[in-house]
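The values are calculated or read from the model by the stated rules, or taken from the named source; none is laboratory data. Note that the structure is a prediction, hence the values are computed from the model and not measured. Every residue, glycine as well, gets a Cβ built from its backbone with ideal geometry; the counts of neighbours run over all protein chains shown. In case anyone asks, the SASA skips ligands and DNA or RNA and just uses the protein heavy atoms, side chains included. Shrake-Rupley method; radii C 1.70, N 1.55, O 1.52, S 1.80 Å.
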Amino acid sequence: MGSALLALSALGYWASAISFHYNLFHRKQRDWTQWLRILLSSHALHSLALLVLTLQLQHLPVVSMPEVMAVLGWVLIALYAILGRRWKVDALGGIAAPAAAVLTTFATFTLGHETPHNYRGAWFGLHVSSLVASYAAFCLAAFCSLLYFIQSRRLKEKKLHTAFLLPSLNTLDRVGFRFILVGFPLLVVGMVCGTQMPGWRWTWDPKETLVALTGAVYLVYLHARVVAGWQGRRMNMILLLAFLCVLVSLLAPGRSHGY
Amino acid sequence: MPVILMGFNQKTASVEVRERFTYSDEQVPSLLQRLHGSQGVDEIALISTCNRTEVYAVTQEPGLCRGSLMTLFEGSGHPDFLYLENDLQAVKHLFEVSSGLDSLVLGENQILGQVRQAFSLAQAAKTTGPVLEKLFPWALRVGKLARSQTRICQGAASVAAAAVELAQMIFDDLKGRRVLLLGAGKMTQASLGLLQNAGVQQIKVVNRTLARAEELAARCGGEATPFEELDKALSDVDVLIASTGAPHFVVDKARLAPVMYQRKGRPLLLIDIAVPRDIEPSCQDVDNVYLYNIDDLQGVVAENLSRRQKEVQKVLQIVDTECQEFSRYLDSRKANQAIRILRESFEEVRQAELMKHRGSLTHEEMTRLENFSNGLLNKLLHNPMMQMKKMSAAGVPPEELERALEILGIFGKETDG
């Protein structure tokens, strides 16, 4: 039942991604009402799927890679729908919707085929949930940076007729920063919760080391942005580099981690 | 009920003619009331802008109406600049006007407000009626439809507007942004006007001659800065508009690189409208710098206008479809009129028959007879009236319905009278 709902939401995300890009590139219009309707309906289905999974498993579905991917996709769209639209970066959905589609499709096909792991208590739940939420915020910040480079290139090449479809450079720069302000505290909470789990000690575990490195890169970004007041192209390059660290740390094997 | 359009626009009339027959909002109401009182004019509205003066009238006597409308253009000698359209052609023209197809700058938005204003003035002067009350809101709807369903109004259509649009793509909100004027050319002032309208507040003026900088600064409410402080000014502002008469580059890459370091990645928009150019083209390669010269901006405008041109067919399709819809509406009005005539004709017979018995019957008997005759009339007319409505909805022209009534000897009575 949970998998079927997840598959349906994945289909919905694909449909909304196609509808978005059709509107943007074919019709060259910023009327995204229909696309947003499909996206939010798919997200409702996604929420239902996660609820069913939680009831079936009797705990949060965060103990295996497919489950984490399903939750990551859900948080990604939730953050986009709540914050992204509030901060007037609707165009971000052009990347967020396909990303959620890829994550939920992966989860649909791999759910139930993975090696089972144990849910190791509340600290574990909080540890993984916070990290997943922070990764979703980092994803959206990276998408902002990506759009920043696309928009910057269009403006440099003087293609104003396509540049008007995207938010302004300043908006993208500002919103990317705001997503980091949301994601960074969650990353710290996630790391701290991890250290509270029974028997934990620092052993240079590759996954933990990479997460710490990711945190350090974001810290550099925040320092340069908040204390030194830097913005623009270089800051956005740091954001993309930091996101690369996120991806590596997410996929890297860990000695004390199941995935 | 025929609609008549009489008027001229920038394509048919020279500026000398246009300025002579352009009417202000204060003049229009009295003018409309005067024409409304003239022979043959049932409803009337006037669109008067710097590029067009057009009068739309509804009449049952087109010949008389045309004569009355001509008085508006009295003293114009041989008015070969005037165009005259009737019925659907007049409706189509108004729809094209509101869509921006007939404007000097294709797809411009101002005309929509001007059509709305013309309608409001006519309403205030009480010279509109059922047809214009439907036609003008319909035209406004067509104008909005054309702009939302096609790209007829997308992209800046002038160099100054392109500069503002560009600044908005970089900074989003221009409120509180700082602009540096380098030199004091005419184009600088045109762009500055639009930037100020968009919310730019702080303006710095730099010129080789400080006195000229102070003069322009005083005119635009800005602040004059000595030429020696150009680098400092560049590190503070968001937009630079350059238009000096210098024969060499005033801002080059070597000068800009340290400035950009001081700006800590804040984007800088450079608009070079000077010929010869003031800003070295390679400045474009510096991170966070966006350089546009006059050719770039003109190129953007030309591209936008050519894109708008490509949308004309789509807008014409919308106009044609809406014209047909409006024509159907007019036909349904005519069908309703035919139905009303049928009903009134039978009612006349009923009243005549009732009159014959008034006096010979008691009050109670008379009331029963009236009720009976009314019920009978309703029953008898129900099917023909329903049939006429169905035929009208199916697209049968109202003339055929009128012809049917004529055969029954009903319609002729009214028209002859």
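In terms of the Cα gyration tensor, with a ≥ b ≥ c the square roots of its eigenvalues, is region A:122-259 rounded because a/c is under 1.5, prolate because a/b exceeds b/c, or oblate? Prolate, since a/c reaches 1.5 and a/b exceeds b/c. When the Cα positions of B:Val91, B:Ser148, B:Gly75 are compared along the charge dipole of region B:50-179, B:Ser148 comes out farthest toward the positive end, with charges on each C-beta of Lys, Arg, Asp and Glu. Of the Cα atoms belonging to region A:116-180, the radius of gyration and Dmax stand at 17.7, 55 Å.
Projecting the Cα positions of A:Val128, A:Ala78, A:Leu155 onto the charge dipole of region A:72-161 (unit charges on Cβ atoms of Lys, Arg, Asp and Glu, taken about the Cα centre) puts A:Leu155 furthest along the positive direction.
Remark: C-alpha extents of region B:270-417 on the principal axes read 107, 32, 27 Å, sorted largest to smallest. Heavy-atom accessible surface of region B:159-296, averaged per residue, reaches 42 Å², computed with a 1.4 Å probe. Between B:Arg178 and B:Asp238, B:Val239, the built amide H atoms are under 5 Å apart, and every one of these is 5 or more places off in sequence or on another chain.
Distant-in-sequence amide contacts of B:Ala224, defined by a placed amide H-H separation under 5 Å and a gap of 5 or more residues or a different chain, comprise B:Val205.
Under the convention that each Lys and Arg Cβ holds +1 and each Asp and Glu Cβ holds -1, the size of the dipole of region B:159-296 around its Cα centre is about 280 debye.
Sorted largest first, the principal axis extents computed over the alpha-carbon atoms of chain B equal 111, 46, 39 Å.
Along the axis of the charge dipole computed for chain B (Cβ charges of +1 for Lys and Arg, -1 for Asp and Glu, origin at the Cα centre), the listed residues B:Ala217, B:Pro247, B:Pro384 are led at the positive end by B:Pro384.
Mean residue ellipticity at 222 nm from the helices of chain A, using -39,500 (n - 2.57) per DSSP H segment of n ≥ 4 over the full residue count, to the nearest 500 deg cm²/dmol?
On the way: 9 runs with 181 residues, N = 259.
Rounded to the nearest 500, it is -24000 deg cm²/dmol.
Applied to region B:300-310, the Karplus parametrisation 6.51 cos²θ - 1.76 cosθ + 1.60 on θ = phi - 60° returns per-residue 3J(HN,Hα) values of 4, 5, 4, 5, 4, 5, 5, 5, 5, 4, 5 Hz, with x for Gly and Pro.
Hey, got the dipole for chain B? About the Cα centre, +1 on K and R Cβ, -1 on D and E Cβ, debye to the nearest 20? Can you show the working numbers first?
Working: 47 positive and 54 negative charges, 135 e Å.
Result for chain B is approximately 640 debye, rounded to the nearest 20.
Taking both sides together, the accessible area buried where A meets B is about 2400 Å² for a 1.4 Å probe. The mean number of Cβ atoms from other chains found within 10 Å of a Cβ in peptide A:229-241 is 3, as a whole number. Scanning residues 5 or more positions from B:Leu291 or on other chains, those with amide H under 5 Å from its amide H are B:Leu270, with H placed 1.01 Å from N in the peptide plane.
Solvent-accessible area assigned to carbon and sulfur over chain A amounts to 69 percent, based on a 1.4 Å probe.
How big is the antiparallel share of DSSP beta bridges in the protein assembly as shown, given as a percent to the nearest 5? Walk me through the intermediate numbers first.
Details: 17 of 40 bridges.
If I count the DSSP bridges inside the protein assembly as shown, around 45 percent turn out antiparallel.
Classify chain A as rounded, prolate or oblate, taking a ≥ b ≥ c as the square roots of the eigenvalues of its Cα gyration tensor: rounded when a/c is under 1.5, otherwise prolate if a/b is larger than b/c and oblate if not. Because a/c hits 1.5 or more and a/b fails to exceed b/c, chain A counts as oblate.
Place the peptides B:170-180, B:247-257 in order of packing, highest mean first, counting for every residue the other Cβ atoms within 10 Å and averaging per peptide.
Sorting B:170-180, B:247-257 by mean packing, highest first, produces B:170-180, B:247-257.
Of all DSSP beta bridges in chain B, what percent run antiparallel (nearest 5)? Antiparallel: roughly 45 percent of the beta bridges in chain B.
Look at the stretch B:257-270: the mean tally of other chain Cβ atoms within 10 Å of its residues' Cβ atoms is 3. Couplings 3J(HN,Hα) for region B:326-337, derived from phi with the Karplus relation 6.51 cos²θ - 1.76 cosθ + 1.60 (θ = phi - 60°), are 5, 4, 4, 5, 4, 4, 5, 5, 5, 4, 4, 5 Hz, where x marks Gly and Pro. Computed from backbone phi, the HN-Hα couplings of region B:49-55 come to 10, 5, 9, 7, 10, 9, 10 Hz, rounded to whole numbers (Karplus: 6.51 cos²θ - 1.76 cosθ + 1.60, θ = phi - 60°; Gly and Pro given as x).
Normalised by 2.2 N^0.38 Å, with N the number of residues, the alpha-carbon radius of gyration of the protein assembly as shown equals 1.36. Here is how the number arises for chain B: DSSP H runs of 4 or more residues each give -39500 (n - 2.57), the sum is divided by the residue count, and the result at 222 nm is -18500 deg cm²/dmol.
Across the residues of A:169-182, average count of Cβ atoms on other protein chains within 10 Å? Mean inter-chain Cβ contacts per residue within 10 Å come to 2.
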